[in-house]
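The values are calculated or read from the model by the stated rules, or taken from the named source; none is laboratory data. Because the structure is predicted, anything quoted here is derived from the model rather than measured. To get the accessible areas, we keep the full protein, side chains included, count just its heavy atoms, and leave off ligands, DNA and RNA. Shrake-Rupley method; radii C 1.70, N 1.55, O 1.52, S 1.80 Å.
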Amino acid sequence: MDKSFTVDHLQVFLRGTFHNHLFIFVAIVFIGMNLVGCQNKTVKETNDVQTDSIAIEPETTYFPAIDRYLVNKIGTQYAQGEYCIPFHSIVGVDERNADDILVWGSYWLFHYNQVGDTLKTVSGGNHPGLMHIRQTENGFEVIGFDQVADGSDFLKSSKQLFGDKFAVFQAIQGDDKKRERLRTDAIADYVKRNQLKVTMYQDEGWPVIVLP
């Protein structure tokens, strides 16, 4: 057999093999890029669907708005703790005007620090008065708060603000046991909602109160 013929044919064969392999390699890379592009597009489209499906549920009661106001507006006037927990006793409500819902009440809030499984009271107080609340597209917001005056003007101011509801207000203010039950329930709800490892709370100089 002619040696030159064999070498020439071998070179042709190798060149052909190289081009075939190069074609196959390019084809694989092209297909892989398209597959990755399709996968990324699918993930993006899935994320878009998930984002669009998230909706903010509107509030159905004005109590969360009252709590927000007590924490964010009134609570800043006190010595701060780890947690600020409000509660309230409602005396009367006038809902005839959605742009100015009137809510008379005795409003409380306390700041606490957690020590072990106990919430220790840092500060807090009582703010009776009349809240003005507006209904919005997604819920409610407090637009004003007429507070009862302190000190020697407390009685006169209370009568003016509560009017024909003053007797109910007096009864609520004088019921210490009911007020403490409301406070205990508010703390227990806060602890559960925020998954705190807390079983008790305590005012300085007083025995601990076990949460339900």
Residue pairs, from the table LYS120/LYS165; LYS159/LYS192; LYS73/LYS159, whose Cα atoms sit over 27 Å apart: LYS120/LYS165; LYS159/LYS192
Inverse mean reciprocal Cα-Cα distance (Kirkwood Rh) of segment 127-188, Å: 13.6
Whole-Hz ³J(HN,Hα) from phi, Karplus 6.51 cos²θ - 1.76 cosθ + 1.60, for segment 160-174, glycine and proline x: 5, 6, 8, x, 6, 9, 5, 4, 5, 4, 4, 5, 5, 5, x
Exposure rank, largest accessible area first [LYS192, LYS156; 1.4 Å]: LYS192, LYS156
Phi-based couplings in Hz for segment 92-107 (Karplus 6.51, -1.76, 1.60; Gly and Pro marked x): x, 9, 10, 9, 5, 10, 5, 8, 7, 6, 9, 10, 8, x, 10, 10
Residue order for ASP185, ASP164, ASP146 - accessible surface, 1.4 angstrom probe, largest first: ASP164, ASP185, ASP146
For segment 78-210, Kirkwood radius (reciprocal of mean inverse C-alpha pair distance, Å): 16.3
Pairwise Cα inverse-distance average, inverted: Kirkwood Rh of segment 71-141 (Å): 13.7
